[in-house]
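Written below as structure tokens is the structure these notes are about.
No lab work stands behind these numbers, since they all come straight from the coordinates. It should be emphasised that the depicted structure is a prediction, and the values quoted were computed from it without experimental measurement. Every residue, glycine among them, receives a Cβ derived from its backbone with ideal geometry; neighbour counts consider all protein chains shown.
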Amino acid sequence: MKLTEVQIADLILAYHDGTLSKAQTALLNDFLAANPDFQFDLEDPITLFPEKRSYTGPSLLKTNLENMAYATEEGHPYEKLAIGNLEGILSPNEELLLKQLGQDTNYQKVAAQIQHTQLQPDLNITYPRIETLLKEAPIRRIHFKSVVATISASAAAILLTIFLIGQENDQPGSIQKKTLVQAKLKANKKGIINHSGEVTTGLFASATNTKVADHPHNVDLPPRDCIVEEIIPSAPENPEIFVTQNVNQATLTANNYQAPSTAPYSDQNAGPNTPEQNNRQVVKSALAKEPVTVKTFLLQKTNERLFGTTAPTADLRYETMARYASETIGIPVRYDVEEGTATDKIVFQLGPISFERSRAKK
Amino acid sequence: MTVQEYNACVREFSDGLYRFALKNVRDTDLAQDFVQDAFERLWLRIDTVDYQRVKSYLFRTVVNLQIDRSRRQSLQQQHLSSLPDPVHSPGVAHDVQQLIDEGVAQLNDIQRTVLTLRDFEGYSYQEIAEMTALSVDQVKVYIFRARRFLKQYIGKMEVLI
């Protein structure tokens, strides 16, 4: 009797399950009689008991990992699960699956290998040139607008003050008045005019430097008026000629001719000198040598360096100062005197700000 | 960002940045130059770079420097790749860490970059994607491939050893 492998398996499984029909039992007995080797399979059956933990296998993994980020990538599901676990991107279902595979040796081996792929930085490696990267110098944030505004305002205030003071000093009336009083004081010190206004002519009166009055900037200096370079005429070689000239002048004086005074502050009460006095005055002036003090010398040199002359005018001073200020501050500063017919126009400019004033022509 | 904050960044990030660059370029001088360039660019943009995003800015700068260098040397690398690499021969490996280093050296540039950013600095996929101009999915896939390559490399080498 011949049976196929499938028929034999069905008969044996039905025998173990106890589901053999009468026909199958007869058929099995006939087969065993003809093939006694199969008796072993019937006597010692292998019974499998279900385990509490069910092993789902790769097919189930594949189903559950379809939604993973690596679904389209080639790789074993264990690899995907291990890498996903290492990356911390497993879904709850995948986490559950991972718990079920926790004791699986194959998965543990794969997981251990994947764990090795996590790179660990060598903390002993440090950047050797860190000092070159540090910036110790603080950044100075210069607010140019505020700085320039402050400097401009300060400079404007200073220059405006100087300008106004200069204007006040430049008033012809005030100068004349001041120099007149000053000259009187000087004359008084030298005994030329007394307190009652009477003139007491003397030797020192002719020696007084009348150019002091011409330079109002120097009126505050002590009586030794040598700040302005004075050109003293030398004594005439021929005194007779000089005396003749004085005589002629005396003649003119006798004819009620009054020579124009060279000193604007000259006291009208002083009156013209006599020819003899004039003669002595000239001789005395020629012989007098006023010493130049160190202070005066330095002042003259300083003026020469700064303003190009030993006796700078007020306008020259202001113009020079404005030019220096313009070069120093970096914004245009200008002081100009525009001469007119009757009055001079003084223009002072500091950046966008400008002042204009009129001044009586000197 | 103030100068003090800049100096704090130098002290905090220079080492990590150097390790990252060194891991990728495997050249100490070049890695130092990359770090120097990154901080120099940061100093030039000190007024525009936000202090909270300085680290990202620095690493992105180094990544860009690496990409630029790779582009410049692509022809040279093609030539060198055809030659045997004496340094990374399998026979000299002694432990797993050395195997890993060799495996990392054999990764392509982008895989190595994303993997080191991920493992060295712990950046998220999103941050790595922003730095490398990739999508998040691409970053995941590159990291997956890199780890799978390393795993297979370790397995083969362990068998050989």
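Summary of values
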{"item": "Signed unit charges on C-beta, dipole axis of the stretch B:102-158, positive-most listed residue B:G155, B:Y142, B:T113", "result": "B:G155"}
{"item": "Given A:K301/A:K361; A:K80/B:K151; A:K109/B:K23; B:K23/B:K140, the pairs whose alpha carbons are separated by over 18 Å", "result": "A:K301/A:K361; A:K109/B:K23; B:K23/B:K140"}
{"item": "Calculated FRET efficiency for the pair B:W43/A:N85, C-beta based, R₀ 41 Å, to 0.05", "result": "0.45"}
{"item": "Rough spin-label spacing in nm, given labels placed 7 Å along Cα→Cβ, for A:Y324 and A:A112", "result": "9.1"}
{"item": "Formal net charge of residues neighbouring B:D109 (Cβ-Cβ distance under 12 Å; K, R +1; D, E -1)", "result": "+4"}
